[in-house]
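Quick notes on the structure that follows.
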Amino acid sequence: MESKQFSRKYILKIALACITVLILVSVLLFHGPYRLVEPVPDGIVDIHCHVAGIGAGGSGCFVSAELRDSWKFKIYLRSFGVSEKELNEKGDHLVPNRISEWLSESRYVSKAVIHALDGIINKDGSLDRTRTQFYVPNEFVAEAAARHKNLLFGASVNPYRKDALERLEWAGKNGAVLIKWIPSIMAIDPADPKLVLFYRKLVELDLPLLTHTGKERSFAASVDEYCDPEKLRLPLSLGVKVIAAHIASTGKYDEQRSTDRLVQLMREYPNLYSDISSLTQLNKRFYMEEALTLQEFSGRLVYGSDFPLINTALVSPWYYFPRLTPGQMYSISRIRNPWDADVLLKHDLGTPADIFSKSAGVIRKP
């Protein structure tokens, strides 16, 4: 009996000692947020939200066999809150329906721009289904946005389509608030002089171009050179409002960091913006500090989540010690709504109110 009591006391002492050490380490190493924390504004608009489908219910969406065979596919489905069986039974519209439902339960985010995604285009100007990894047609996204007041239509048009300008006109008439590109998987060279007419049409329609910059690792393959920020000089010089996604985080071009190349462009073009989507991912955890502290980004950043990736193990408050206290990390980790967790994580790291509120003013009014 005495031996058991001694053992319990010993274990208790060890546990108390460990807790004490953890508290001391937390106090000594705690750095605090990157900036002074400001109140979270109401009615935040998420400018960067993905939607997807497998073609169920006649949606027109598709995912390549290579990507469907990848380990990433099941993770993406789970992060959207659906299963392949559910999609086959109920149709791809289940995905935007679920996004809308989660948004309606969010305390902070009132609307999200959901993105269509065009594919690779053949020399004859038609869609190349054999090389396209991921396709979400404009009609599918426009219809979902029309059904749900908290979803906005983010269109996608590959400028190499033979009817690209007509598709831009259609997008504008059907409420598009921006055009989305991922050049590295759409085989688009943003610096191609052939795109001048396309860029002029964007200016005419007042449609911002939200385009991926930096490396792309969410898909089976990508041509990273197309996401060099320097390739955006052409549309910027023509007056296109460009939103370079993710502050061009990750990657180098000509031995220069992608983000540094974007910073240089920020000094030159007032029509250039960026978003803070994906910057809390484990593989990008040091980019948030640059976004919030570099003068060149001041007043030029907007809020984006990069949903559904915020709903995966890539993002967690536990990756941010010593910037967050153990209490903050625990509190955020218990939030079930993905948008509320994302907003509070970025808020507690020091994201100012103007970044959260600016999105609505940067996109085109639907």
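The values are calculated or read from the model by the stated rules, or taken from the named source; none is laboratory data. Remember, predicted model here, so these are calculated numbers, not experimental data. Heads up, the Cβs are rebuilt from the backbone with ideal geometry, glycines too, and the neighbour counts pull from every protein chain shown. Surface areas here come from the heavy atoms of the whole protein model, side chains and all, with no ligands, DNA or RNA. Shrake-Rupley method; radii C 1.70, N 1.55, O 1.52, S 1.80 Å.
For region 68-141, the solvent-accessible area of protein heavy atoms averages 50 Å² per residue (probe radius 1.4 Å; ligands and nucleic acids excluded).
Evaluate Rg over Rh across region 289-340, taking Cα atoms for both radii and Kirkwood's formula for Rh.
Working: Rg = 13.0 Å, Rh = 12.8 Å.
Here Rg/Rh amounts to 1.02.
Over the chain, what percent of the accessible surface lies on carbon and sulfur atoms, probe 1.4 Å? Working shown, then result.
Values: 9250 of 16760 Å².
Heavy-atom surface of the chain belonging to carbon and sulfur, 1.4 Å probe: 55 percent.
Given region 249-366, what whole percent of its Cα pairs are spread farther than 26 Å?
Counting pairs separated by more than 26 Å, the tail of P(r) holds 21 percent.
Straight Cα distances below 22 angstrom link residue 194 to the lysines 123, 162, 180, 231, 241, with same-chain residues fewer than 8 positions distant left out. In the distance distribution for region 97-149, Cα-Cα pairs more than 14 Å apart total 61 percent.
The calculated FRET efficiency for the pair residue 74 and residue 42, based on their C-beta separation and a Förster distance of 25 Å, comes to about 0.10. According to the Cα-based calculation, Rg over Rh for the chain is 1.03, with Rh computed by the Kirkwood formula.
The heavy atoms of residue 170 present about 90 square angstrom of accessible area, all protein chains included, probe 1.4 Å. Of all aspartates and glutamates in the structure, those lying under 12 Å Cα to Cα from residue 346, and not within fewer than 8 positions of it along the same chain, are 38, 289.
Averaged per residue, region 207-295 has 37 square angstrom of accessible surface, using a 1.4 angstrom probe with ligands and nucleic acids left out. What the Cβ-Cβ distance of residue 331 and residue 17 gives, at R0 = 30 Å and to the nearest 0.05, is a FRET efficiency of 0.70. Region 57-125 and region 144-199 have Cα centres separated by 18 Å.
Listed by chain and number, the aspartates and glutamates whose alpha-carbon sits under 16 Å from that of residue 9, ignoring those within fewer than 8 places in the same chain, form an empty set.
Which percentage, to the nearest 5, of the DSSP beta bridges contained in the chain is antiparallel? It would help to have the intermediate numbers written out before the result.
Working: 7 of 32 bridges.
So the antiparallel bridges amount to about 20 percent of the total.
Over all pairs of different C-alpha atoms, region 195-281 has a mean inverse distance whose reciprocal, the Kirkwood radius, equals 13.3 Å.
For the chain, list the DSSP H helices whose alpha carbon atoms reach 24 Å or more along the long axis and whose average Kyte-Doolittle value is 0.5 or above? Please report the intermediate quantities before stating the final value.
Numbers: long enough: 2-29 (40 Å, 1.24).
The qualifying helices are 2-29.
Highest-first packing order for the peptide set 142-154, 74-86 is 142-154, 74-86, based on the mean count of other beta carbon atoms within 10 Å. Taking 31 Å as the limit for the C-alpha separation, the pairs 72/365; 85/201; 72/111; 74/358; 173/252; 111/215 exceed it in the case of 72/365; 85/201; 74/358; 173/252.
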